[in-house]
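Have a look at the structure below before the remarks.
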Amino acid sequence: MLQDLDSLAARIGQVVQSMRLLQAERDTLRARLKNLEQERNELRDELARRDADQRSATERLEQHQAEVDAIRTQSDAAQAELRVAAERYQAEYESVRHELQASRADASRLRAAAGTAKERIDAILMRLPGAAQEQN
């Protein structure tokens, strides 16, 4: 009977030791779980910060895109105005150039007519009495 009690005491000792090991393992697992939960919370906070940063960056990008679109619209309008003005000035230039050519042609004809008239006048003056004496 003592042997049975010794055997039972040894078994109880083993069970107690197993319980202590299990409790120590449980405590280790709890500490690890607590650390993992803490890390999860930190990662969740970091993710929330990054999401907020991303939303902020997206909003800024959308604002900048709206500004770029407005500037592009203004630029397109200004380019259209410049094209119209350039076409108008080109047409005016061509008109003035044609007028200048016509004026030059008129001036050339007038010079030729003046030359012809001078020659006629000189010829008439040469035929007048006393004109030959003045030349000598």
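Only four residue types carry charge here, +1 at the Cβ of Lys and Arg and -1 at the Cβ of Asp and Glu. Report the dipole size of the chain about the Cα centre in Debye, rounded to the nearest 20.
Numbers: 22 positive and 25 negative charges, 77 e Å.
It comes to approximately 380 debye.
So between residue 98 and residue 2, what do we pick up on full extension, going 0.36 nm a residue minus the alpha carbon distance?
On the way: separation 96, 0.36 × 96 = 34.56 nm, distance 13.81 nm.
Working it through step by step, the gained length comes to 20.8 nm.
When the accessible area of region 6-136 is computed with all protein chains present and a 1.4 Å probe, what percentage of it is carbon and sulfur?
On region 6-136, the fraction of accessible area on carbon and sulfur atoms equals 55 percent.
Run lengths n ≥ 4 of DSSP H only: what is the helix-derived mean residue ellipticity at 222 nm for the chain, with -39500 (n - 2.57) per run over all residues, to the nearest 500? The partial results should precede the final answer.
Values: 2 runs with 131 residues, N = 136.
One gets -36500 deg cm²/dmol as the mean residue ellipticity at 222 nm.
What figure in square angstrom, to the nearest 10, would you give for the accessible area of residue 16 with a 1.4 Å probe?
60 Å²
Mean shadow of region 1-96, computed from the convex hull of its alpha carbons, in nm²? Walk me through the intermediate numbers first.
Details: hull surface 39.3 nm².
So the Cα hull casts an average projection of 9.8 nm².
Looking at 24, 84, 66, which one has the Cα that reaches farthest to the positive end of the dipole of the chain (charges on Cβ: Lys, Arg +1; Asp, Glu -1)?
Among 24, 84, 66, the one farthest towards the positive end of the dipole of the chain is 84.
Per residue, how much accessible surface does the chain expose to a 1.4 Å probe? Answer in Å², no decimals.
It amounts to 93 Å² per residue over the chain.
Roughly what would the spin-label model give for residue 15 and residue 28, points 7 Å off Cα along C-beta, in nm?
Those two pseudo-labels are separated by 2.4 nm.
Any idea what angle helix 2-127 forms with the longest principal axis of the chain, computed on alpha-carbon atoms, 0 to 90 degrees, nearest 10?
Compared with the principal axis, the helix lies near 0 degrees.
Need one number: nm distance between label points at residue 39 and residue 75, each 7 Å from Cα along Cα→Cβ, rounded to one decimal.
5.0 nm
The values are calculated or read from the model by the stated rules, or taken from the named source; none is laboratory data. Keep in mind that what you see is a predicted model, and the values were worked out from it rather than measured. When we count neighbours, we look across all protein chains shown, and the Cβ atoms used for this are built from the backbone with ideal geometry, even at glycine. Side chains included, ligands, DNA and RNA excluded: accessible areas come from the protein's heavy atoms. Shrake-Rupley method; radii C 1.70, N 1.55, O 1.52, S 1.80 Å.
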